[in-house]
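Let me begin by presenting the structure, written as structure tokens, before commenting on it.
Throughout, read-outs are computed from the coordinates displayed, never taken from laboratory work. Quick caveat, the model's predicted, so the values are computed rather than measured. Glycine also receives a Cβ, built like all others from the backbone with ideal geometry; neighbour counts cover every protein chain displayed.
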Amino acid sequence: MANHKSSLKRIRQSETRRLRNRYYGRTMRNAIRQLRETTDKAAATEMFPKVISLIDRNVKRSIVHKNKAANLKSKLNKRINAL
């Protein structure tokens with residue numbers, strides 16, 4: 001167990017941030033999954049900017065690496081164009 005007041009606070013903060021980051025990552029993955037499952041090109045084209053925005057926000061928060069985000073966006077774009 002932690003002995004210092006500051007370390008107790010740090011434990012609380014890191015747990016809160018962990019849960020928040022988990023929520024952001026999960027939300028992004030669910031949005032990507034929904035976009036991949038869409039078979040209608042019009043609906044997918046409408047969803048695409050929202051999903052890209054989620055991915056970019058997670059890059060800004062350092063939840064996803066920028067190269068992984070670029071790969072995700074590229075693959076999603078290719079999938080939409082193939083519909």
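Can you pull out the residues in the range 30-53 that are surrounded by 11 or more Cβ atoms within 10 Å (Cβ to Cβ) and either touching a Cys at 6+ places or on another chain (Cβ under 7 Å) or within 11 Å of LYS73 (Cα to Cα) (or both)?
ILE32, PHE48, VAL51, ILE52, SER53
Check the range 40-55 and report whether any residue there is of a type in the set (Asp, Glu) and closer than 30 Å to ARG18 by Cβ.
In the first step, residues of the range 40-55 are kept if they are of a type in the set (Asp, Glu); the result is 40, 46.
Next, from what is left, pick out any that are closer than 30 Å to ARG18 by Cβ: none.
Scanning the range 40-55, I find no residue that is of a type in the set (Asp, Glu) and closer than 30 Å to ARG18 by Cβ, so the answer is no.
Given the residues THR45, THR39, THR27, THR16, which is the only one that is within 18 Å of ALA82 (Cβ to Cβ), in a helix (DSSP H, G or I) and hydroxyl-bearing (Ser, Thr, Tyr)?
Details: THR39 fails: in a helix (DSSP H, G or I); THR27 fails: within 18 Å of ALA82 (Cβ to Cβ); THR16 fails: within 18 Å of ALA82 (Cβ to Cβ).
Only one candidate qualifies: THR45.
Within the range 62-75, identify whether any single residue is among the β-branched types (Val, Ile, Thr) and part of a helix (DSSP H, G or I), and answer yes or no.
The initial filter retains those residues of the range 62-75 that are among the β-branched types (Val, Ile, Thr), namely 63-64.
Narrowing further to those that are part of a helix (DSSP H, G or I): none.
No - not one qualifying residue is present in the range 62-75.
Give me the pairs, please: first residue somewhere in the range 47-74 and in contact (Cβ under 8 Å) with a residue 40 or more places away in the chain, second residue anywhere and surrounded by 12 or more Cβ atoms within 10 Å (Cβ to Cβ), beta-carbon distance under 7 Å, and either six or more positions apart or on two chains.
Going by the 7 Å Cβ cut-off, the qualifying pairs are ARG61/TYR24; ILE63/ASN21; ILE63/TYR24; ILE63/GLY25; LEU72/ILE32; LEU72/ILE55.
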